[in-house]
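Asker: First the structure, which I've put down as structure tokens, then a few questions once you've had a look.
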Amino acid sequence: MNKKEILELIETGEGYTLEFKESLSSSIGKDICAFANSSGGKIILGVKDNGKVKGYKLSNRDKARILDIAKNMEPSAEVKIEQIENLGVIFVPEGRDKPYFVAGHCYIRQGASSVLLKRDEIREFFQRENLLSFERKANHEFDWKEDFNEKAFENFREIATIPKELSTKHILKNLNLITNGKMNNAGVLFFCNDLRKFFLNAGVVVALYKTPNKADVMDIKEFYDDFVSNYENVMKYIILFLSKEIEIKGLKRVETLEIPEEALREALINAMVHRDYFIQGRVQIDIYPDRLEITNPGRLLLMKRI
């Protein structure tokens with residue numbers, strides 16, 4: 001892009017893909033974020049809001065600051081910086097891993113403005129655009145050597161009866177657990193060494209109460225293993241506190257849970273699979289003397305009186 005093209009662009013005025021800045025201000029981060037979350041755009045430094053060219057010379061410090069802002073976004077955003085005669089130009093392509101956040105906030109372009117989205121608006125916007133999929137998003141923090149849980153993977157391979165001659169990466173790719181060469185969030189949930197390193201809200205909490213309300217807590221246990229281990233360990237723990245009916249059928253002693261195990265397993269797996277990771281909080285299981293409740297962030301999944 002040359003100076004003539006830049007001046008012609010400035011004449012069109014600020015808009016959905018164009019932002020003017022007199023200088024490098026603290027708000028530059030929200031504009032980069034907004035363009036990455038929208039259709040991309042350009043930020044021209046050295047131009048007033050009314051389109052009057054003032055000029056701005058980018059220093060090496062300015063360039064480093066812009067790159068640092070983009071890198072520290074979640075996930076990191078791509079930018080290209082150019083000095084075109086007396087104007088600085090920041091090119092922001094449309095992001096591939098939406099939504100993007102800067103300092104914990106999410107912005108999009110609305111007209112000629114970068115607008116902050118509230119949590120519910122974030123979900124609604126990206127669902128409407130069919131861009132939101134927590135599970136499919138590449139996790140750029142995951143390190144294969146440090147974070148991959150080989151034991152959990154081999155356990156899964158055995159349960160799923162996957163042939164051992166197939167490579168790990170081949171299996172993960174076929175299971176759609178790798179996105180752009182990186183483990184995605186679904187893969188991290190299944191095969192990471194430490195779940196808390198990535199998702200503090202991905203655990204399961206089981207609380208045992210002495211009375212029909214939450215006034216008298218007998219025990220609380222937290223589970224932060226990989227997805228499969230969490231599922232199995234939580235089930236075993238719950239069953240310990242459920243009453244069992246014992247029948248003698250012929251020469252066999254048959255135990256029957258007060259809640260059908262199949263229904264309990266289905267409720268637990270649904271709570272873990274369909275939880276909303278954009279809402280803080282963990283899957284919660286409350287065991288009372290007269291009932292068991294399973295909730296996940298967003299809704300009540302099961303309330304069973306026993």
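The values are calculated or read from the model by the stated rules, or taken from the named source; none is laboratory data. The model shown is predicted, which means the values in this text are computed figures rather than measured ones. As a convention, Cβ positions derive from the backbone with ideal geometry for all residues, glycine included, and neighbour counts pool all protein chains shown.
Asker: For Ile162, are the conditions met, namely being β-branched (Val, Ile, Thr) and part of a loop (DSSP other than H, G, I, E, B)?
Answerer: Working: β-branched (Val, Ile, Thr): yes; part of a loop (DSSP other than H, G, I, E, B): yes.
The answer is yes for Ile162.
Asker: When the residues of region 224-238 are filtered to those that are touching a Lys or Arg at 6+ places or on another chain (Cβ under 9 Å) and among the aromatic types (Phe, Trp, Tyr), which remaining residue is nearest to Lys197 (Cα to Cα)?
Answerer: Only one residue fits best here, namely Tyr224.
Asker: Further question: Only one of Val206, Val283 is farther than 30 Å from Leu117 by Cα, surrounded by 13 or more Cβ atoms within 10 Å (Cβ to Cβ) and either under 31 Å from the mean Cα position of the chain (by Cα) or aromatic (Phe, Trp, Tyr) (or both). Can you tell me which?
Answerer: Testing whether each residue is farther than 30 Å from Leu117 by Cα, surrounded by 13 or more Cβ atoms within 10 Å (Cβ to Cβ) and either under 31 Å from the mean Cα position of the chain (by Cα) or aromatic (Phe, Trp, Tyr) (or both) leaves just Val206.
Asker: Taking Ala112, is it closer than 27 Å to Ile178 by Cα and surrounded by 13 or more Cβ atoms within 10 Å (Cβ to Cβ)?
Answerer: Details: closer than 27 Å to Ile178 by Cα: no; surrounded by 13 or more Cβ atoms within 10 Å (Cβ to Cβ): yes.
The answer is no for Ala112.
Asker: Give the residues of region 150-193 that are in contact (Cβ under 8 Å) with a residue 60 or more places away in the chain and either surrounded by 12 or more Cβ atoms within 10 Å (Cβ to Cβ) or closer than 22 Å to Val273 by Cβ (or both), sorted by residue number.
Answerer: Ala152, Asn155, Phe156, Ile159, Asn185
Asker: Ok, one more. Return the pair list, or none, for Cβ contacts closer than 7 Å from residues in region 241-254 that are under 26 Å from Lys221 (Cα atoms) to residues that are exposed (fewer than 10 other Cβ atoms within 10 Å of the Cβ) and modelled with pLDDT under 80, at least 6 apart or on different chains.
Answerer: Lys244/Glu255
Asker: Those residues that are within 21 Å of Arg136 (Cα to Cα) and of a type in the set (A, V, I, L, M, F, W, C), I need them from region 161-178; list them, please.
Answerer: Ile171, Leu172, Leu175, Leu177, Ile178
Asker: Next question. Just to verify a result, which residue in region 20-53, among those that are surrounded by fewer than 21 Cβ atoms within 10 Å (Cβ to Cβ) and of a type in the set (Asp, Glu), is modelled with the lowest pLDDT?
Answerer: Ranking the candidates gives Asp49 first.
Asker: Could you please give the count of residues in region 78-120 that are acidic (Asp, Glu) and closer than 18 Å to Ser27 by Cα?
Answerer: Summing the residues that are acidic (Asp, Glu) and closer than 18 Å to Ser27 by Cα in region 78-120 gives 1.
Asker: Further question on the same structure: The conditions are (1) surrounded by 12 or more Cβ atoms within 10 Å (Cβ to Cβ); (2) at pLDDT below 90; (3) not in a helix (DSSP H, G or I), and Arg253 fails exactly one of them. Which is it?
Answerer: (1)
Asker: Here are the criteria: (1) in contact (Cβ under 8 Å) with a residue 60 or more places away in the chain; (2) over 30 Å from Trp144 (Cα atoms); (3) exposed (fewer than 14 other Cβ atoms within 10 Å of the Cβ). Tell me which single one Glu261 does not satisfy.
Answerer: Exception for Glu261: condition (1).
Matching residues to (1) touching a strand residue (DSSP E or B) at 6+ places or on another chain (Cβ under 9 Å); (2) of a type in the set (A, V, I, L, M):
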site: Thr161; (1), (2): no, no
site: Lys164; (1), (2): no, no
site: Asn184; (1), (2): yes, no
site: Asn193; (1), (2): yes, no
site: Leu208; (1), (2): yes, yes
site: Val217; (1), (2): yes, yes
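Asker: Condition test on Asn72, is it crowded, with 21+ Cβ neighbours inside 10 Å and modelled with pLDDT under 95?
Answerer: No; evaluated as a whole, the condition is false for this residue.
Asker: Among the candidates Asp276, Asp226, which residue alone is within 26 Å of Phe153 (Cα to Cα) and buried (at least 17 other Cβ atoms within 10 Å of the Cβ)?
Answerer: Result of the check over Asp276, Asp226: Asp226.
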